[in-house]
Amino acid sequence: MKKHNGLINGPYLVWTAAFIVIPLLLIFYYGLTDKSGHFTLSNIAEMGTPERMKALWLSLILSLLATFICLLMAYPLAMILAKMKTAMGFIVTIFIIPMWMNSLLRILAWQTLLERNGVINQFLRMAHLPEQHLINTPYAIGLGMIYDFLPFMLLPIYNSLLKIDSNVINAAYDLGANRWQTFWKVTFPLTLPGVISGITMVFVPALTTFVISDFLGGSKVLLIGNVIEQQFTQVGNWNVGSGLSLVLMVFILISMALMNHFDKSDEGAAGIL
Amino acid sequence: MKKVLSRIYLAFIFILLYAPILVLIILSFNDSKTRAKWGGWTLKWYQQMLLNADIMAAFRNTLIIALLSALISTLLGLLAAIGLNRMKRKSTRTVIMSALNIPMLNAEIVTGISLMLVFIAFGQFLNHWGYTIAFGFGTVLIGHITFNLPYTVLSILPPLSKVNVSTYEAALDLGCSSRQAFFRIVFPDILPGILSGFLLAFTLSLDDFVITHFVKGPGFDTLSTKIYTEVRKGIKPEMYALSTLLFVSVLALLLIFGRSRNEHKAASEKPVA
């Protein structure tokens, strides 16, 4: 069997090196050098301009809020769904279907609702109520994040609730715990791996999105994702773009480290599957 | 009382999820160019969409890329799973696994940028010999294979590690060649993992926007990037028609294939925007 090893390991190792490892190293290279290839930290310091700091703060605040609200909304929903009889399984499907629709179209739907001449304002006008300025605000972006990512919070929690052995819950009641105690001491800790993968699956995409802010923030509200995207597609300054990406990656690493700290299961990435 | 409350909560989330989609569907039949007015029912946006050569080309590209990238990433993932499963040294295995998982854990915008940088760098390198790299079909395909790879590996590796080595060795003792032993003993056990990895890769590829956006180059579009440019230009009612068609086909497919699969997809997918 030994002779086959090269044939088996070769293709994916080459692929991983060429399209995963080297690309990442290139970001480090561009982020830490200037146009002539000399080492510099100025690309990272570029994050310090007031405009970019504002975008970074807004991204952090909105993504944290969206993650928190998704968790608050998804947990009770997951509990209700998990308690349903299997014959009612189609109800679970109903809550998952929207996720299968192209996410750009889902955000387009909200644009249509929130616009100045959009559906919500039409209704307000018909009811002779004052029009609201909804689109191009941070609120609109936050709403878009919650709508877009809610299913990614719902599913891991739902799956981990399904795995709980009902005997464990009954044992807690038998031993005198009330509903509240049972939830906080038994149910919630058992679903923690689901909660944690839900949090990472919402937080990282929300922090780094540029589509949601493009569609719902116009060009008026910028997130850090927009700032970086523009460096590459419009400004064409790869060094600054890569430097800003490095800063962004620090926040992703911090969130992963925090999540690993809470998730004792030690499965790392495998927990997502 | 509790039951009533949970019903109300289900209804609330249901409306929140479906109202925007319903609005898109209704507007796709609106015979008025501005969304501000209802101009009666029409099917003309559907007709225009189907006659739009760009949208149809994007649709074709999306399907071809999804199919090819799912096939190739499943094949590479199978090799990787076999190779990793055989690897004796745990430390080497962990290093390779972590490298493979980077695209799954990292922000999509960073993966997209890093791939764009590496294609440009390879292009410059090949330029010395007079070759060039054209951004388009090939680069998008490579990008999709790359972000699919961790998902296919993680679908195939768990069933593979559970395969009983003794059965495989017994087959060898009884005179099977190693290839025969693999296809008769190991393959049937890991087939479900291979299939779910393939499906996962296919749907991830269908949905991707961010990575495609950075590696596609001008003149090549998938549905997601097409929607993005159309929406940024100002919403076209054709996009509403497209959403409706996609939503209806997703609904139909889910009804045909049943529910178990979406749970699997959802549990492992990473949000797109």
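The values are calculated or read from the model by the stated rules, or taken from the named source; none is laboratory data. All values reported here derive from a predicted model rather than from experimental measurement. Note: ideal-geometry Cβ built from the backbone for every residue, glycine included; neighbour counts use all protein chains shown. What goes into the accessible areas is simple: the full protein's heavy atoms, side chains included, and nothing from ligands, DNA or RNA. Shrake-Rupley method; radii C 1.70, N 1.55, O 1.52, S 1.80 Å.
Just a few scattered comments:
- Number of positions in region A:137-146 that are closer than 21 Å to A:Asn102 by Cα and either touching a Leu at 6+ places or on another chain (Cβ under 7 Å) or more than 13 Å from chain B (Cβ to nearest Cβ) (or both): 5
- In this entry, A:Pro189 is excluded by the filter for residues that are part of a helix (DSSP H, G or I), closer than 19 Å to A:Leu71 by Cβ, under 16 Å from the mean Cα position of the chain (by Cα) and not hydroxyl-bearing (Ser, Thr, Tyr).
- Residues that are among the basic types (Lys, Arg), part of a helix (DSSP H, G or I) and either more than 23 Å from B:Phe147 (Cβ to Cβ) or modelled with pLDDT under 85 (or both), drawn from region B:222-273: B:Arg232, B:Lys233, B:Arg261, B:Lys265
- Only one entry of B:Ala181, B:Ala134 meets the criterion of being out of contact with any Asp or Glu (no Cβ under 6 Å at 6 or more places or on another chain), among the small types (Gly, Ala, Ser) and outside any helix (DSSP H, G or I), and that entry is B:Ala134.
- Of everything in region A:6-57 that is β-branched (Val, Ile, Thr) and not in a helix (DSSP H, G or I), the residue that is farthest from A:Gln230 (Cα to Cα) is A:Thr40.
- Here is the figure for region B:142-171: residues that are within 22 Å of B:Thr94 (Cβ to Cβ) and in a helix (DSSP H, G or I) total 18.
To keep it simple, each residue is scored yes or no on (1) open to solvent by 50 Å² or more (accessible area, probe 1.4 Å); (2) farther than 23 Å from A:Met99 by Cα; (3) among the aliphatic types (A, V, I, L, M).
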position: B:Lys37; (1), (2), (3): yes, yes, no
position: B:Leu43; (1), (2), (3): yes, yes, yes
position: B:Asp54; (1), (2), (3): yes, yes, no
position: B:Leu67; (1), (2), (3): yes, no, yes
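- Residue that is farthest from B:Arg60 (Cα to Cα), among those in region B:124-162 that are hydroxyl-bearing (Ser, Thr, Tyr) and surrounded by 17 or more Cβ atoms within 10 Å (Cβ to Cβ): B:Ser155
- The one condition from (1) within 8 Å of chain B (Cβ to nearest Cβ); (2) closer than 18 Å to B:Leu24 by Cβ; (3) open to solvent by 70 Å² or more (accessible area, probe 1.4 Å); (4) not β-branched (Val, Ile, Thr) that A:Phe123 does not meet is (1).
- Scanning region A:177-202 for residues that are at the interface with chain B (Cβ under 10 Å from one of its Cβ atoms) and within 10 Å of A:Met259 (Cβ to Cβ) gives A:Ser197, A:Thr200.
- Sole residue being of a type in the set (A, V, I, L, M), surrounded by fewer than 18 Cβ atoms within 10 Å (Cβ to Cβ), more than 7 Å from chain B (Cβ to nearest Cβ) and in a loop (DSSP other than H, G, I, E, B), chosen from A:Leu134, A:Leu129: A:Leu129
- One residue stands out in region A:155-187 among those that are small (Gly, Ala, Ser) and within 30 Å of A:Met99 (Cβ to Cβ): the one that is surrounded by the most Cβ atoms within 10 Å (Cβ to Cβ), namely A:Ser160.
- Hits in region B:6-55 - residues which are within 14 Å of another protein chain (Cβ to nearest Cβ), within 27 Å of the chain's Cα centre (by Cα) and in a loop (DSSP other than H, G, I, E, B): B:Ser28
- Counting only residues that are in contact with a Gly (Cβ under 6 Å, 6 or more places away or on another chain) and more than 15 Å from B:Arg232 (Cβ to Cβ), region A:213-236 holds 3 of them.
- Just one of the listed residues (A:Ala66, A:Ala74, A:Ala109) is closer than 24 Å to B:Asp207 by Cα and touching a Pro at 6+ places or on another chain (Cβ under 6 Å), and it is A:Ala109.
- Test for B:Gly112: is it in contact (Cβ under 8 Å) with a residue 24 or more places away in the chain and of a type outside the set (Val, Ile, Thr): yes
- Filter pass, B:Phe29 being open to solvent by 40 Å² or more (accessible area, probe 1.4 Å) and touching a Phe, Trp or Tyr at 6+ places or on another chain (Cβ under 7 Å): yes
- Residue satisfying condition, being open to solvent by 20 Å² or more (accessible area, probe 1.4 Å), more than 30 Å from B:Leu141 (Cβ to Cβ) and hydrophobic (A, V, I, L, M, F, W, C), within set A:Leu60, A:Leu77, A:Leu26, A:Leu81: A:Leu60
- Positions within region A:77-120 being more than 8 Å from chain B (Cβ to nearest Cβ) and not in a helix (DSSP H, G or I), in sequence order: A:Met84, A:Lys85, A:Arg116
- Check on A:Val240, open to solvent by 60 Å² or more (accessible area, probe 1.4 Å), β-branched (Val, Ile, Thr) and assigned to a helix (DSSP H, G or I): no
- Region B:226-244 - residue that is under 19 Å from the mean Cα position of the chain (by Cα) and more than 13 Å from B:Met56 (Cα to Cα) and, of those, surrounded by the fewest Cβ atoms within 10 Å (Cβ to Cβ): B:Tyr228
- Check on A:Thr40, more than 12 Å from every other protein chain (Cβ to nearest Cβ) and β-branched (Val, Ile, Thr): yes
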